[in-house]
Amino acid sequence: MAYELEVTTPTSEKTQLGLAPPVGSVAGYGEEPIGGVYSFTATGHDITDRHIARLHPKIRESISTFIRGCLSDSAIQKTIYINESVRSASAHDALKKAGKTTTEYKESHHSTGTGFKIILPATSPDYEYMTTSLADPTISAGNQIIWGLIGEKAIANNLYWGGTTGWNYAHFEFRDCSTRPGALKYHTRSKKYIDADGWFELYCQPA
């Protein structure tokens with residue numbers, strides 16, 4: 001299942017003129033395209049671009065580059081797109097109750113605008129939450145190869161791929177200077193470093 005964007009009226013006093021973050025999140029405001037143009041390079045897929053616009057502004061271009069690289073790679077031959085970015089506390093709680101995640105909300109990169117999920121169509125009826133991907137009989141050997149190619153591109157763009165350890169092929173996140181999981185550090189940082197759009201500071205930003 002995918003979650004709809006929680007749309008609010010653009011707030012003119014914010015520099016990005018974007019959408020408010022979901023309730024409970026420490027993400028800042030998103031970005032609204034000006035004259036149909038985003039500050040990052042658009043992927044050409046509306047929902048993907050809207051999700052990228054909700055993520056931390058310092059990683060948007062890197063994520064766009066990652067997605068566009070996948071779309072232009074003939075070896076992948078799949079139309080991938082982002083179907084989830086910033087998540088509200090209530091949506092996360094619902095996933096926990098359904099057994100889809102064991103991560104606490106403050107440890108989830110979906111609570112900070114530094115994590116997202118992609119759809120690789122026709123791989124599995126539950127492709128968004130493949131927590132046991134390597135053992136999942138619905139994931140063919142061919143699709144595992146494609147996921148590997150996608151993961152390589154993510155890593156090349158300074159993103160962490162959940163499939164690295166077979167945990168969740170569809171999940172990607174930016175871990176700042178650390179290789180350790182968990183986004184609690186961003187919650188802590190959000191109390192000290194806030195820009196005009198409500199975003200915390202990132203260290204070791206993507207090149």
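Figures for the structure shown
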| item | result |
| --- | --- |
| Pairs, first within 11 Å of Leu149 (Cα to Cα) in region 67-78, second outside any loop (DSSP other than H, G, I, E, B) and of a type in the set (Lys, Arg), C-beta under 8 Å, six or more apart | Gly69/Lys153; Cys70/Lys153; Asp73/Lys153 |
| Whichever residue in region 40-87 is polar (S, T, N, Q) and part of a helix (DSSP H, G or I) and, among such residues, is modelled with the lowest pLDDT | Thr48 |
| Pairs with Cβ under 7 Å, 6+ apart, first in region 19-30 and in contact (Cβ under 8 Å) with a residue 24 or more places away in the chain and under 20 Å from Lys185 (Cβ atoms), second hydrophobic (A, V, I, L, M, F, W, C) and part of a loop (DSSP other than H, G, I, E, B) | Pro21/Ala27; Pro21/Val86; Pro22/Val86; Ser25/Val86; Val26/Phe200; Ala27/Val86; Gly28/Trp199 |
| Number of the condition not met by Leu149 [criteria: (1) more than 30 Å from Glu201 (Cα to Cα); (2) at pLDDT below 85; (3) assigned to a helix (DSSP H, G or I)] | (2) |
| Candidate set from region 191-207 (those that are within 17 Å of Ser85 (Cβ to Cβ) and in contact with a Phe, Trp or Tyr (Cβ under 6 Å, 6 or more places away or on another chain)); member that is surrounded by the fewest Cβ atoms within 10 Å (Cβ to Cβ) | Gly198 |
| Subset of region 180-198 [out of contact with any His (no Cβ under 9 Å at 6 or more places or on another chain) and touching a residue at least 12 places away in the same chain (Cβ under 8 Å)] | Leu184, His187, Arg189, Ser190, Ile194, Asp195, Ala196, Asp197, Gly198 |
| Filtered residue count, region 91-118, keeping only those that are surrounded by fewer than 19 Cβ atoms within 10 Å (Cβ to Cβ), among the polar types (S, T, N, Q) and over 17 Å from Trp167 (Cβ atoms) | 0 |
| Candidates Arg180, Arg175, filtered to the one that is under 13 Å from the mean Cα position of the chain (by Cα), surrounded by fewer than 20 Cβ atoms within 10 Å (Cβ to Cβ) and part of a loop (DSSP other than H, G, I, E, B) | Arg175 |
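Yes or no, residue by residue, for (1) within 18 Å of Ile118 (Cβ to Cβ); (2) surrounded by fewer than 18 Cβ atoms within 10 Å (Cβ to Cβ):
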residue: Ser25; (1), (2): no, no
residue: Tyr29; (1), (2): no, no
residue: Ser39; (1), (2): no, yes
residue: Ile47; (1), (2): yes, yes
residue: Ile67; (1), (2): yes, no
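The values are calculated or read from the model by the stated rules, or taken from the named source; none is laboratory data. Only a predicted model underlies this, so the values are computations on that prediction, with no experimental measurement involved. Note that each Cβ is placed from the backbone with ideal geometry, even for glycine, and that neighbours are counted across all protein chains shown.
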